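What follows is a set of notes on a single structure, which appears directly below.
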Amino acid sequence: MSDYDGTTPISHHSDDHKDGPTTSARRVIDLSHVIREGLVTYPGLPVPTFTPHLTREHSRTVYAPGTEFAMDIVTMIGNTGTYLDSPFHRYGDGPDLAGLDLSTLVDLPTAVLHVPDAASRGIPASDVARLVANCNLDLAGYALLVHTGWDTRFGTPEYGSGAPFLAEDAVDYLIEAGVALVGIDSLNIDDTESGGERPVHSKLLAAGIHVVEHLTNLGSVPTTGARFTAAPPAVEGFGTFPVRAYAIVP
């Protein structure tokens, strides 16, 4: 297929049945933007640059005949592509990337709030409450992912203004519910056009709730039933870093 939809089936074979293996398939849905040289994630931030450290041509003078490698240097800000914010991003005494509990980033039960046709930019608590009621959910320990559809503008000038965000009352609701992580497929989880305050980041990160921004392809993830992973490398003294975010759907 030429129009890749970001999903990959995984087949699992069992040897328990000697007459023939049984096969079940899961879908892995890629929720991350591709990082490429010059990528604009957030207007005004530095773009990534790629520099060769060892070219394949030069490596032929270093290794045995027929053996070659490429080694490259990436220079980029942590807020590049699809990335995770740790508490250290907002608070100097909060856990950095190396201090995060991996169990709160991997294989999380997931609920997706699908609001691509929201009436206002700020996604309110009432939308989250409706999702909880309709699906009879207890969000404790969940990844709550907000699908706004804004990711279709990623990489264009239109992505940088008028973006949807999470309203402050929704944040209070999610903290009370005990979620582990909140993600969004938009420019920012806060309203970047209302001044320098960032109440959503401030409250979530103070509560130890991870934030993932610039997700994509959330429209392919069902409202419930998926498992979400977004683990950054364990970098000391760093608050944000790109992740390969994905959902597994049974």
- Residues with amide H under 5 Å from that of GLY225, placed H, sequence gap 5 or more: THR110
- Connecting every pair of Cα atoms under 10 Å apart in the chain and solving the GNM, the largest mean-square fluctuation among ASN79, ASN134, ASN188 falls on ASN134
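Quick check: at a probe of 1.4 Å, how many percent of the accessible area of the stretch 148-207 sits on carbon and sulfur atoms?
Accessible surface attributable to carbon and sulfur in the stretch 148-207 totals 49 percent.
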- Query: Where does the charge balance sit around ALA177 when Lys and Arg score +1, Asp and Glu -1, over other residues with C-beta under 14 Å from its C-beta?
  - Reply: -3
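Taking every DSSP beta bridge with both residues inside the stretch 92-250, roughly what % is antiparallel (nearest 5)?
So the antiparallel bridges amount to about 30 percent of the total.
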- Query: With all pairs of different alpha carbon atoms counted, what Kirkwood hydrodynamic radius in Å does the chain show?
  - Reply: 19.6
- Stretched out fully, how many nm does the piece from ARG26 to ARG121 gain, at 0.36 nm a residue minus the Cα gap? 30.8 nm
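Which value at 222 nm does the chain reach when only helices count, each DSSP H run of 4 or more adding -39,500 (n - 2.57), with the total divided by all residues and rounded to the nearest 500 deg cm²/dmol?
-3500 deg cm²/dmol
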- Message: Treating only the Cβ of Lys, Arg, Asp and Glu as charged (+1, +1, -1, -1), what charge dipole size does the chain show about its Cα centre? Round to the nearest 20 debye.
- Response: 420
- Query: How many nm is it between the label spots at ARG36 and HIS53, if each spot is 7 Å from the Cα in line with the beta carbon?
  - Reply: 2.4
- Task: Enumerate the amide H contacts of ILE123 below 5 Å, restricted to partners 5 or more residues apart or on another chain; note that Pro and chain-start residues carry no placed amide H.
- Result: PHE165, LEU166, ALA167
- Equivalent ellipsoid semi-axes, the stretch 35-75, via Cα gyration tensor eigenvalues times 5, rooted, Å: 31, 7, 5
- Item | Farthest toward positive dipole pole in the chain [+1 Lys/Arg, -1 Asp/Glu at C-beta], among PHE69, VAL212, PHE241 | PHE69
- Once both label points are put 7 Å beyond Cα along the C-beta direction, the TYR63-LEU102 separation in nm becomes 2.8
- Query: Hey, what's the Kirkwood Rh for the stretch 46-139 if you take every pair of different alpha carbons, in angstrom?
  - Reply: 18.7
- Say R0 is 22 Å: what FRET efficiency, to the nearest 0.05, do ASP93 and ALA234 get from their beta-carbon distance? 0.75
- Query: On alpha-carbon atoms, Rg over Rh for the stretch 118-227 using Kirkwood Rh?
  - Reply: 0.94
- Note on the structure: Taking trypsin sites (Lys or Arg not before Pro) as exposed when in a DSSP loop with at most 14 other Cβ atoms inside 10 Å, the chain has its longest clean stretch at 61-243
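The values are calculated or read from the model by the stated rules, or taken from the named source; none is laboratory data. As the structure is a prediction and not an experimental result, all values here were calculated from the model. We place every Cβ from the backbone using ideal geometry, glycine too, and count neighbours over all the protein chains shown. Side chains included, ligands, DNA and RNA excluded: accessible areas come from the protein's heavy atoms. Shrake-Rupley method; radii C 1.70, N 1.55, O 1.52, S 1.80 Å.
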